[in-house]
Amino acid sequence: MRQSILDLLERLPQAAAIVLSAAFEVLAWNDLAAALMEDFSAVPRRDRNLVRRAFLGPRPDGRRLYGVSDVAEFARSAARDLRATTARYPDDPELAGLVAELLAGSEEFARLWGSHDVGDEPVLCKTFQHPLVGPITVNCDVLGISGQDQRVVIYTAVPGSPSEQALRLLSVVGTQRMDVAR
C-alpha cells in the first residue's frame with residue numbers, strides 16, 4: 001500500500017473512504033469509514049473481505065453488508081469482478097480458496113458465479129442503515145490505483161443533506177458504541 005494513498009484517506013475527513021484489493025479485502029480505511037461501516041481494526045483480516053461478508057456474513061445485528069441498500073447489485077457486481085480477478089490471477093491460492101468457500105457456503109454466490117453475468121455496473125448511490133444514526137445516503141465513487149490492482153472507494157453525502165449531517169455526527173462519535181452500558 002502506497003503511503004500517498006493512506007495519506008489521501010486521512011485528507012478526506014468529510015468522506016468515508018476504504019481501499020479494496022482486487023479480491024474485495026479492505027486493506028485500509030479512514031476513521032469515518034470505520035464509523036459508518038465498522039471498525040475494521042477490531043475484526044480479523046479474514047472478516048474484512050466485503051464479498052465474504054456479503055455472501056457469508058457475519059451478521060451479528062441481522063444486517064447484511066452494513067445494511068447497504070444495493071446489496072443485491074453489489075453481490076452481482078462482486079461475483080462478476082471476482083471472476084475477472086480469478087482470470088488475472090489463476091494461480092493465487094488465497095483467491096481460489098475464497099471462491100471455493102463462497103461456492104460451498106452460498107447458493108446465491110454459486111448461482112451468480114455460474115451465470116457468467118456481464119451486466120451493468122453497480123448503483124453509485126447507496127443508503128447505509130446505520131444502527132446509531134439511521135439511514136445515510138451517499139454517493140459512491142471508485143478510483144483505481146494504477147499498478148496496484150486496488151481501488152479507493154469514497155462515500156460522500158450531498159452537501160446540506162440530512163445524510164451529510166449524519167456523517168458529521170459519525171465523524172464525532174467515531175466507533176464508540178452508544179448502545180452498550182458501561
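Maximal additional length on extending the ARG46-ALA72 stretch stands at 7.2 nm, based on 0.36 nm per residue less the C-alpha distance.
Computed from these coordinates, which is semi-axes √(5λ) of the Cα gyration tensor in Å: (i) 27, 19, 16; (ii) 23, 20, 15; (iii) 39, 18, 13? This structure yields the entry labelled (i). Per residue, the solvent-accessible area of the chain (1.4 Å probe, heavy atoms of protein chains only, all protein chains present) comes to 53 Å². Apolar share of the accessible surface for the chain: 54 percent from carbon plus sulfur atoms, 1.4 Å probe. Available extension along the chain between ASP91 and ARG63 is 6.7 nm, counting 0.36 nm per residue and deducting the alpha carbon span.
The values are calculated or read from the model by the stated rules, or taken from the named source; none is laboratory data. Note that the structure is predicted; figures quoted are calculated from it, not measured. Areas reflect the complete protein model, heavy atoms only, side chains present, ligands, DNA and RNA absent. Shrake-Rupley method; radii C 1.70, N 1.55, O 1.52, S 1.80 Å.
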